[in-house]
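Before any comments, here is the structure.
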Amino acid sequence: MTGDTRVVVIGGGYAGVMAANRLTQHGDVRVTLVNPRPDLVHRVRLHQLVGGSHDAVVAFQDVLAERVRLVVDVVTRINAPARSVTLEAGGTLDYDYLIYAVGSGSAEPDLPGAAEFTYAVATLEEAQRLRAALDATPASAPVTVVGAGPTGIETAAELADTGRAVTLVCGGILGPYLHTRGRRSVAKRLA
Ligand SMILES: Cc1cc2nc3c(=O)[nH]c(=O)nc-3n(C[C@H](O)[C@H](O)[C@H](O)COP(=O)(O)OP(=O)(O)OC[C@H]3O[C@@H](n4cnc5c(N)ncnc54)[C@H](O)[C@@H]3O)c2cc1C
């Protein structure tokens, strides 16, 4: 990259922040990061938000390099031939390079009843909704966590730590990505 190179980063999660910060090491690069809120959502801590032990947000001013310009907005369109993105609030940003780091969300539930009767924890809003629902539920009410990948295991453990009676339902195998020894250790710890 040479001259005054403009980089726009869409998405201020771990990937977008890391990319933006690293790029500021090049003196000739101007970096603009676009994210819908002025805070980094610590997604790896959303289960802790649900359990009440962490608020899972960090102000961008604490994690973004000084030379990164933050635009709090949503990108609604990428016009690649014109090298420009459109913002929800109006206006456009021109770029020489674009970094697309918009993350992921919950899978669309294909289980009847899931959409109406379950709570997801993939986004800040989802975790906040679950937290509010739990706050409005007696502490003795049983909680069922469906799915025993890392998010399910962490959420079940977090809620059990708060004294909730938790049942973790796995699709046949606990932590399928884990080594057998790790799986045994997780099962023991959860029990
Ligand atoms: C409860 C939980 C626990 C987890 N634990 C772990 C763990 O222990 N270890 C691990 O490695 N991973 C863990 N993960 C997964 C990890 O959080 C994700 O892999 C990671 O957040 C992905 O980072 P990212 O930067 O790609 O996207 P994200 O963190 O999702 O960030 C994307 C950002 O882009 C923004 N965005 C989206 N669309 C637009 C748009 N159009 N315009 C502007 N901005 C936009 C979003 O608002 C968001 O701020 C966990 C996830 C959850 C939910």
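The values are calculated or read from the model by the stated rules, or taken from the named source; none is laboratory data. Not measured: the values here are computed from a predicted model. Heads up, the Cβs are rebuilt from the backbone with ideal geometry, glycines too, and the neighbour counts pull from every protein chain shown. We work out accessible area using only protein heavy atoms, side chains counted, and drop any ligands, DNA or RNA first. Shrake-Rupley method; radii C 1.70, N 1.55, O 1.52, S 1.80 Å.
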Taking 7 Å along the Cα-to-C-beta vector as the label spot, tell me the Phe117-His179 distance in nanometres, rounded to one decimal. 4.0 nm
By average C-beta atoms within 10 angstrom, highest first, the peptides 161-171, 102-112, 123-133: 123-133, 161-171, 102-112
Kindly provide the helix-only [θ] at 222 nm of the chain, computed as the sum of -39,500 (n - 2.57) over DSSP H runs of four or more divided by all residues, to the nearest 500 deg cm²/dmol? -8500 deg cm²/dmol
Per residue of the range 173-183, what does 6.51 cos²θ - 1.76 cosθ + 1.60 with θ = phi - 60° give for ³J(HN,Hα)? Whole Hz please, x for Gly and Pro, Karplus curve as stated. 9, 7, x, x, 7, 7, 5, 3, 5, x, 4
Please arrange Ser140, Ser185, Ser84 by accessible surface area, largest first, computed with a 1.4 Å probe and ligands excluded. Ser140, Ser185, Ser84
Please give the Cα centre distance for the range 103-140 versus the range 29-66, rounded to the nearest Å. 20 Å
At a 1.4 Å probe radius, carbon and sulfur cover how many percent of the accessible area of the chain? 53 percent
So for the chain, Kirkwood radius off the Cα pairs, Stokes-Einstein at 37 °C and 0.692 mPa s: how many µm² s⁻¹? 173 µm²/s
So what's the net charge close to Val58: Lys and Arg +1, Asp and Glu -1, counting the other residues with Cβ under 12 Å from its Cβ? 0
Counting only DSSP loop positions in the range 1-31, the trypsin sites (Lys or Arg not before Pro) whose Cβ has at most 15 other Cβ atoms within 10 Å are none
Toy charge model, Lys and Arg Cβ at +1, Asp and Glu Cβ at -1: the chain dipole around Cα centroid in debye, rounded to 20, equals 680 debye
Before anything else, pin down the relative contact order of the chain: Cα pairs under 8 Å, at least 6 apart, normalised by residue count, whole percent. 20 percent
Scattering curve values for the range 114-190, log₁₀ I(q)/I(0), Debye with Cα scatterers, q = 0.26, 0.27 Å⁻¹: -1.34, -1.40
